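Heads up: the structure comes next, in structure tokens.
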């Protein structure tokens, strides 16, 4: 379970090495060889088309339909053009939820990356025994299944007998003694954020730590010869080396956190008063919960488009790098 | 490890082939052969707590004896039931018979998912109480059969009340409040467990105030929560809720209020009579301490308004066992078993003539005085959408309990409420 | 001197605080699960369970069909992970080792596939499965879970394959192995840690999934553990002992697997993280 990055500076030379072999070096079975990569990719592509492409297409089709309880039960197809989109895009709910979703993702990703990177660098500084101890702690948090973790957080933050409220009360914050964390938008988001950041930090930290162990020592020596201090060598050696990891990890965190349906939905069902609905939760509540399935499908399509826009920057980087490689 | 993986793959492969064969299941015949319906199984969905084990067992036995077919009861939770029911009704093998709340029946009747039960009405339903049958009729057709009705009562812990030195049950709302106060002052128990979103009780209070939840605006229904009568109802609710430590943003099913009550340190809760059974199942020792009384109204001569909750039994239009399903209804709704259900659960049966089963039943005696003044949510197809989570009425309640004025809260949920009432069907 | 003492202490002190922060929720789950109810709902938390009880575990496993859920979860998870590893390995090998037209397109394609927000497509998936008469079966679950983890598996494995020195493979081919043989005899053993650490992600995803199984499988015979856990929580919301016991039971297999695989995959982790 690691981050896979696109061509770090010390990057692979093997790919280009293949290029250097002239056409004469090709083996006789070259025609079969030319087909080989496609054959190897066939199962994966077939699965993707069938199991992802088909539901996507179906969802797209549903988004142009008026599909409610009656139509679903009767298996009736009732096209209604772009009504669902019109209704979603002209209502203020959708845009409010979109803005909230983006803010929610941004806050969580920034916190996760920042804290995760710091923990990762700390791991590199620790002695062996302390490092293993901390690693165990991180792995335990990382391995907690989301459904179980969400349940545990509800208990930690429970209004009555929750340990968090008890601690806050003992710290002198007496109004928190019987505080209901699900009673307001901010406090609900607070619990969700703590949960998500707690679960995401280990992934970032451990990967980053693993990456720092591969930084060649000579780079630091060279920097020291140039008279670089600790900060300078961090910015000139560590950071550039880690950049691809940071990009790749951020990309993964963005998509994981943007899609954090289970956490948000389980902690408070998008409540109170629908104030903590993020896009996937909104799509679910409007579609499945409200039995307005066509509308839900339209919101789903829009959600996918928004996710694409958010990640477009990274995808472009990858696109360019892969181009350079070939 | 390796061998296990191989076994697992083997299992998966097997599943594929089993599933592949599963499709052409030709036996969907509904004819009663020489052997009756032998070999068939009827699936019946009943809601959690609505029918006691004893009743299920007896009906099962009678059904099997008469038809030679089996019946399988599947217990459903109210939470998320509409989503589950909608998808189930669209499937190839829907539940053949299912319990459906009276407030949800019109919407499902409109979808075409319910079979027409006109013939059943004429054979066994001639003397169904008309007011209770109202929700089953849509567009003049009979889409369900009335099963049972019930209204909420106060279920209280006699021991806690005795500890507080209270001798008699309260007759007015003020007495009720004073008694609860006294429990709070004199004992360590929580006077009443009343979560912020026991919304059927709130609907009862609005009925007591003579308020309507929706009003007509032209040909559309819109929210009527801003009505001062609704505000009066929520103020009453708020006053009592303040005595409870229960969460303000949860309903009575999360957690099950009867289970909280079963722990023995709660004075009372407002619930269905059969919830006492849930409490007893959780803690046998509580049985002898449980008592019931009518929810007291503003004056001693008139009990509090109550929501007349009820359930109908319906047959899925897509069921391939229509005849068998009707056989089941004939047995389940027969005087014998309808009477047994009334007796065991203290619920109002679907015929006046069966009321006698309720004499001597503590729950029924507490419920009966209020039933006459009971009512329901609007029986319109548009209503079911309102009950989908997040239910705007619940949002309204929590908002008021958390300090908003009723007018502010009504304004806050108005657009959501109206949107649902106007939702395309 | 003073400064160096300080700089030696703060990383360790921070590490201790972090350790406590990360472990506490997990610890609290287990601690609550083993405590008698009286200790759970007490005005002052009981930090260490003194009177161990198994009563909550009895409540949690006493639910009807519990073992069916366990079996179903295991079958679905293991099959999905194994299938996706097999499918992904072939694709990853092509992407990491071969040059061909459209390679970039495939990579971007899988990256896009990785972003699929499955939860919002539930109803589309439901209708597909319903119309194929495959409801209440483990097969659609298995293949959809396989798909949910496939893109990540391919992209990650690609890094691991690339990390295996090309020379080794070439040497084997010089020794007369075919490419397939070289792959099996040389690359595959070196890939083992990578396969293991990649499979972890798959295990967690498939083990956790519940929105899909909730709508696809209404019959208890075809349901999985996450449904049991979430329904349990609704019904016993305030019975934290039983809820935590259920959570513990649900988490334990993954925790064990993680600790076990993580240790064995630690080399792979470092190697795979830096794509060779």
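Summing -39500 (n - 2.57) over the DSSP H runs of n ≥ 4 in chain C and dividing by its residue number, what mean residue ellipticity at 222 nm do you reach, to the nearest 500 deg cm²/dmol?
On the way: 14 runs with 208 residues, N = 276.
Helix contribution divided over all residues of chain C: -24500 deg cm²/dmol.
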Just tell me how shielded A:68-80 is by partners: mean number of partner chain Cβ atoms within 10 Å of each residue's Cβ, no decimals.
6
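Could you check what % of the DSSP bridge pairs in the protein assembly as shown are antiparallel, to the nearest 5? Don't skip to the answer; put the middle values down first.
Working: 33 of 47 bridges.
Here the antiparallel bridges make up roughly 70 percent for the protein assembly as shown.
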In whole angstrom, how far apart do the alpha carbon centroids of region B:266-326 and region A:127-203 sit?
38
Dmax and Rg, reported as Rg then Dmax, of region C:1-135 (C-alpha, Å)
25.3, 75
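Taking neighbour Cβ counts within 10 Å as the exposure measure, how do B:261, C:152 sort from fewest upward?
Working: B:261 28, C:152 22.
So the ranking, lowest neighbour count to highest, is C:152, B:261.
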Given 10 °C and 1.306 mPa s, how large is the Stokes-Einstein diffusion coefficient of the protein assembly as shown in µm²/s, with Rh as the Kirkwood radius over Cα pairs?
51
What does the helix-only formula give at 222 nm for chain B: each DSSP H stretch with n ≥ 4 adding -39500 (n - 2.57), the total divided by the residues, and the result rounded to the nearest 500 deg cm²/dmol?
-13000 deg cm²/dmol
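Starting with the fewest neighbours, write out A:77, A:48 ranked by other beta-carbon atoms found within 10 Å of each beta-carbon. Show your work: numbers first, answer last.
Values: A:77 12, A:48 24.
The most exposed by this proxy come first: A:77, A:48.
Between residue B:56 and residue B:323, what FRET efficiency comes out of the Förster formula 1/(1 + (r/R0)^6) with R0 = 25 Å and r the beta carbon distance, rounded to 0.05?
Details: r = 22 Å, r/R0 = 0.87.
Computed FRET efficiency for residue B:323 and residue B:56: 0.70.
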Is region B:314-425 rounded, prolate or oblate when judged by the Cα gyration tensor, a ≥ b ≥ c being the square roots of its eigenvalues, rounded requiring a/c under 1.5 and prolate requiring a/b larger than b/c?
oblate
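Answer rounded, prolate or oblate for chain A, using the Cα gyration tensor with square roots of eigenvalues a ≥ b ≥ c: rounded when a/c is under 1.5, else prolate when a/b is larger than b/c, else oblate.
Working: a/c = 2.42, a/b = 1.14, b/c = 2.11.
It comes out oblate by the Cα gyration axes.
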Could you identify which residue out of B:139, B:163, B:227 has the top mean-square fluctuation in a GNM of chain B using Cα springs shorter than 10 Å?
B:139
Give me the percent of DSSP beta bridges within chain B that run antiparallel, rounded to the nearest 5.
70
Fewest-first ranking of B:394, B:141, using other Cβ atoms within 10 Å as the exposure measure:
B:141, B:394
Defining a contact as two alpha carbons under 8 Å apart and six or more residues distant in sequence, what relative contact order in percent does region C:66-273 show?
34
For residue C:54 and residue C:174, compute 0.36 nm times the residue count separating them, minus their Cα-Cα distance, and round to one decimal in nm.
37.0 nm
In nm, the gap between the two label points placed 7 Å beyond Cα toward Cβ at residue B:238 and residue A:57 is 5.6
Which of A:299, A:73, A:215 ends up with the largest GNM mean-square fluctuation for chain A, with Cα atoms connected below 10 Å?
A:73
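When the helix-only estimate is applied to chain A (DSSP H runs of n ≥ 4, each -39,500 (n - 2.57), divided by the residue count), what is the mean residue ellipticity at 222 nm, nearest 500 deg cm²/dmol?
On the way: 16 runs with 226 residues, N = 326.
The helix contribution divided over chain A gives -22500 deg cm²/dmol.
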With a point put 7 Å past each Cα toward its Cβ, work out how far residue A:175 is from residue B:139 in nm, to one decimal.
5.6
Residues of region B:289-308 with amide nitrogen under 15 Å from the 7 Å Cα-to-Cβ point of residue B:78?
B:306-308
For chain B, just the Cα atoms, rotate onto the principal axes and tell me the three extents in Å, largest first.
66, 63, 54
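Do you know the relative contact order of region B:102-261, to the nearest whole percent, from alpha carbon pairs under 8 angstrom that are 6+ apart? Could you put the intermediate results ahead of the total?
Numbers: 161 pairs, mean separation 30.5, N = 160.
Averaging sequence separation for qualifying contacts and normalising by length gives 19 percent for region B:102-261.
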For helix B:2-22, what angle does its Cα long axis make with the longest principal axis of chain B, in degrees from 0 to 90 and rounded to 10?
80
State whether region C:1-53 is rounded, prolate or oblate according to the following rule on the C-alpha gyration tensor (a ≥ b ≥ c being the square roots of its eigenvalues): a/c under 1.5 gives rounded; otherwise a/b larger than b/c gives prolate, and the remaining case gives oblate.
prolate
Connecting every pair of Cα atoms under 10 Å apart in chain A and solving the GNM, the largest mean-square fluctuation among A:228, A:177, A:143 falls on A:228
What is the angle, in °, between the Cα long axis of helix B:362-371 and the longest principal axis of the Cα atoms in chain B? Nearest 10 is fine, range 0 to 90.
80
Nearest 10 degrees, 0 to 90: what angle lies between the long axis of helix C:225-235 and the longest principal axis of chain C (Cα atoms)?
30
From the Cα centre of region C:117-135 to that of region B:103-128, the distance in Å is 30
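R0 = 30 Å: FRET efficiency of residue A:168 with residue A:89, Cβ-based, nearest 0.05? Could you put the intermediate results ahead of the total?
Details: r = 42 Å, r/R0 = 1.41.
The calculated FRET efficiency here is 0.10.
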Quote the relative contact order of chain A in percent (integer), defining contacts as alpha-carbon pairs under 8 Å separated by 6+ residues.
29
Over all directions, average the projected area of the Cα convex hull of chain C and note it in nm².
22.0
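Every number here is computed from the coordinates shown, using simple stated rules; none is lab data. Because the structure is predicted, anything quoted here is derived from the model rather than measured. Backbone-built Cβ (ideal geometry, glycine too); neighbour counts: all protein chains shown.
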